[in-house]
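One structure is given below, encoded as C-alpha cells.
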Amino acid sequence: MSLERPQQPPESDDDPAAPAADDASGPLDADALRRALGDAALATEEHVHAPAVQIRPDAVQSSLSALRDGLGLDHLSCVTAQEYEDRYESVYHLKSYDDPTREASVVVPTPRSDPVSESAAPVFRTADWHEREAYDLVGIRYDDHPDLRRILLPETWQGHPLGLDYDQTRPQVVRYDENANPLAEDGRADTNTMLLNIGPHHPATHGVMHLQVALDGEQVADVEPDIGYIHRCEEQMCQRGTYRHQIMPYPDRWDWGGGGLLNEWAYARTAEALADIDVPEYAQVLRTLAAELSRILSHMLAVGAYALDVIGDFTATFMYAMRDRELVQNILEDLTGQRLMFNYFRLGGVVWDLPEPREEFFEKVRAFVDGLPEKLREYRDLLTANEILQARTVDTGILPPEVAKDYGVTGPVARGSGIDYDLRRDDPYGYYDELDWAVAVEDDCDNFARLLVRLREVEESASIVAQCVDLLEGWPEDERTIQSNVPRTIKPDDDTEVYRAVEAAKGELGIYIRADGTDTPARFKIRGPSFSNLQALPEMAEGEYVPDLIAALGSLDTIMGEVDR
C-alpha cells in the first residue's frame, strides 16, 4: 500500500537530502584523526567502537569543524562528561550521516582545578543541550556556550550529582521564581508579546514537560522546552548495577510508550561489544522479531495520540490505535511475560524461547500481520486523507535537512526531513541485513511527512516480523540456541570505553560505557533520541501559530523517560 501526500510540490533541482561533497571515505584510524587536527591533538586512544583523539580544551571548535568538513563527520551523536581522580573529560561522539560506521571520539581533558573547555555549540547546535547536561550533572563549564545553565535540575540545585565529591546528604532548597518573558533581554518584548505556559501538566506535552512560549500576537515568537521534571538519575543507578544481571531491567523504563525492547537492545549491544560477547543466530532472529513488534507498539501510540492532538479524534483513530496496540501487547505478553516492562533481552541472547505450543504463537502473529494492511487503509482514510489534518500538518513544522543534522536529529523525525539514515541498515546488527525491507523516507520536512514515515514504518516492521516468523518456524530444533555462554561475572578491562547505538522507535538510542575493571560501569551515559529531537522544536515552531506548535511537538513523538532519564 502506498501512502502519499495530498499534493506533491514541484521537484527542485537541488536535493536537500543529498550528501555534501566529501572525498573522505573508508574506515578511520587514530592517526588519520591526529593528522586532520594537527597541533590541537594531544594524544590518540582506541575505544572499542572507534578511534579516539585527545585535544586541547581551547581547540574544540576548530577541531570539530575540521572533522566535520574534512572527514565528513557531520553527526554529533552524543556528548559524555565524566570525572576522574585527576581530571574531567568531555567525549564528543562523532559519526557520518552518510555512513554511521565511520565513527570517531574526540576527548577533551580538563584539570580538576579548572574544568573549563571551549563549547562545541557554535559547530554543532545539538551540543547546546548536551553540554548543559554535562555542566548540570558533572560540573564541566564551557566557554562560548550560548546559554550555559542547568537543564535537568533546578537552577538553585547545589552541587553536581555525577561528581565524585557530590554530597548526597546535603539539603536542597528549590525556590519559586516568577517566569520572565524570554524576549525581554533582546528587546523584542513589547506590548504585543505575551508569555504562555503550556504544561507541565498538559496532555499535548506527551509527558511532564513545560513549554515556555512567547507569543507575538497569535504567532510563536519564542519557545523553550523546560525539561527535567522526572529526572530519576537513571545513569547513576546503572553505574551501581552489575553488567550481567542488574542493568537490563532499567532500559524498559526509558520508553513506556512501547519501545522498551529496543532500549534493551541498545544496552545489550553496548555491553556485548565491551565484553566481546557473541549472540547466537537464532537469538538474533528472536531479538529482531521482538524489536519490530515493539516498534509497531510505539508507532501505534504515536499515530493515535497525534490524531488526538491535531484533530481531537478520540473515538475513531485513537481508539483504533489502542485496539491494534492491544493485539501487539498480547503477542509480546505471550513472548516475554510482560505488557509494559518486558525485560526479555539478556547479554548474549534472550531469556527464553518462543512460547509453547509454537504453532499457536505463529498463528497469532500471522493473524495480526495479515490483518494489518486493511487496518492501515483505515488509518489512511481517517488521517492522511483527512482535509482538516492536512490543513494542520502540510507545510507546518518545517525542519530542513541541514538544520535537522545540525541538531543531531534521528529516527522518523530525520527521515521525514529527507535524511536517509537508519542504523538497522547503515550499521547492521541483529538479523536485519538478512531480511528484505526498506527505509521509509519522506522529503517534505513537515509534520505531515513525519506522520507518513511512521505509518510506512509500521508496514515495514510488519514485513520484518512476517519474515522472522517464517525463519523461526523452519529453524531446526537442535539449533535453537537462545544464549551464548556468558560468564556469571563480567569484568571488562580497566579504562575500556565503548559507544554503541540501535535504531529505536524514536531514533538513535546510544549508550556509552567506561569500564574500570570491576563488575559495574565507571560511567554509563544514555543518549536518548527524544533529547536531541526535542531540542529542534524551536526551529519548527517559531513563526507558526499555537496549534501548529502543538502539531509540531506531537510529530516529534517525544517520550520524557528518555529525555529526562
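The values are calculated or read from the model by the stated rules, or taken from the named source; none is laboratory data. Only a predicted model underlies this, so the values are computations on that prediction, with no experimental measurement involved. Please note: Cβ atoms are built from the backbone with ideal geometry, for glycine as well, and neighbour counts cover all protein chains shown. Keep in mind that these areas ignore ligands, DNA and RNA; they rest on the heavy atoms of the full protein, side chains included. Shrake-Rupley method; radii C 1.70, N 1.55, O 1.52, S 1.80 Å.
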Exercise. So, how do all the Cα-to-Cα distances of the range 71-111 break down into 10 Å bins, in percent, from 0 on up?
Worked result: 32, 41, 22, 5
For this session: Before anything else, pin down the relative contact order of the range 197-240: Cα pairs under 8 Å, at least 6 apart, normalised by residue count, whole percent.
Result: 27
Exercise. Once you have the alpha carbon radius of gyration of the range 376-443, what is it after dividing by 2.2 N^0.38 Å, with N set to its residue count?
Worked result: 1.37
Exercise. Is the shape of the range 466-547 best called rounded, prolate or oblate, per the rule: a/c under 1.5 gives rounded, else a/b larger than b/c gives prolate, else oblate, with a ≥ b ≥ c the square roots of the Cα gyration tensor eigenvalues?
Worked result: oblate
Exercise. Where does the range 416-501 land on Rg(C-alpha)/(2.2 N^0.38 Å)?
Worked result: 1.53
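Would you mind calculating the gained length between Asp478 and Tyr545 on full extension (0.36 nm times residue separation, minus the Cα-Cα distance), in nm to one decimal? Working shown, then result.
Details: separation 67, 0.36 × 67 = 24.12 nm, distance 6.12 nm.
Difference between extended and current length: 18.0 nm.
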Problem set entry | Accessible area of Glu387 in the full protein assembly, 1.4 Å probe (Å², nearest 10) | 150
For this session: About the Cα centre of the range 414-489, how large is the charge dipole given +1 on each Lys and Arg Cβ and -1 on each Asp and Glu Cβ? Please answer in debye to the nearest 20.
Result: 400
Exercise. If you take the Cα Rg of the range 443-493 and divide it by 2.2 N^0.38 Å, with N the number of residues, what do you get?
Worked result: 2.00
Exercise. Hey, what's the range 304-362 come to in accessible area per residue, 1.4 Å probe, Å²?
Worked result: 41
Seminar exercise, completed: the chain: relative contact order from alpha carbon pairs under 8 Å, six or more residues apart, as a whole percent, is 18
Exercise. Given Ala305, Thr270, Tyr229, which one lies farthest toward the positive end of the charge dipole of the range 197-311, if we put +1 on the Cβ of every Lys and Arg and -1 on the Cβ of every Asp and Glu?
Worked result: Thr270
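Asp276 to Glu434: extension gain in nm, 0.36 nm per residue of separation minus the Cα-Cα distance?
Values: separation 158, 0.36 × 158 = 56.88 nm, distance 2.22 nm.
Taking 0.36 nm per residue and subtracting the Cα distance, the gain is 54.7 nm.
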For this session: Quick one: dipole size for the range 266-333, taken about the Cα centre, charges +1 on Lys/Arg Cβ and -1 on Asp/Glu Cβ, in debye to the nearest 20.
Result: 160
Seminar exercise, completed: Carbon and sulfur atoms account, in whole percent of the 1.4 Å probe accessible area of the chain, for 45
For this session: With a cut-off of 15 Å, note down the residues of the range 206-231 whose backbone N falls inside the zone around a label point 7 Å from the Cα of Gln158 toward its beta carbon.
Result: none
Seminar exercise, completed: Judged on accessible area alone, 1.4 Å probe, highest first, Arg35, Arg456, Arg323 line up as Arg35, Arg323, Arg456
Exercise. Just by accessible area at a 1.4 angstrom probe, what is the order of Tyr229, Tyr344 from largest to smallest?
Worked result: Tyr229, Tyr344
Problem set entry | With DNA, RNA and ligands ignored, accessible area of Glu434 (1.4 Å probe; Å², nearest 10) | 120
For this session: May I ask for the net charge around Ser105, where only other residues with Cβ less than 9 Å from the Cβ of Ser105 are counted and Lys, Arg are +1 while Asp, Glu are -1?
Result: -3
Problem set entry | Charge dipole of the chain about the Cα centre (unit charges at C-beta), most positive-ward option of Asn343, Asn192, Gly510 | Asn343
Exercise. For Phe362 and Met319, what is the calculated FRET efficiency with R₀ set at 41 Å and r taken between the beta-carbons, to the nearest 0.05?
Worked result: 0.90
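Determine the order of Leu340, Leu274 by accessible area, beginning with the largest, at a probe radius of 1.4 Å.
Leu340, Leu274
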Exercise. Where a ≥ b ≥ c are the square roots of the eigenvalues of the C-alpha gyration tensor, would you call the range 271-418 rounded, which needs a/c under 1.5, or, failing that, prolate if a/b is larger than b/c, or oblate?
Worked result: oblate
Problem set entry | Cα-centre dipole for the chain with unit charges at Cβ (Lys and Arg positive, Asp and Glu negative), debye to 20 | 1620
Exercise. What accessible area per residue comes out for the range 425-545, rounded to a whole number of Å², with a 1.4 Å probe?
Worked result: 34
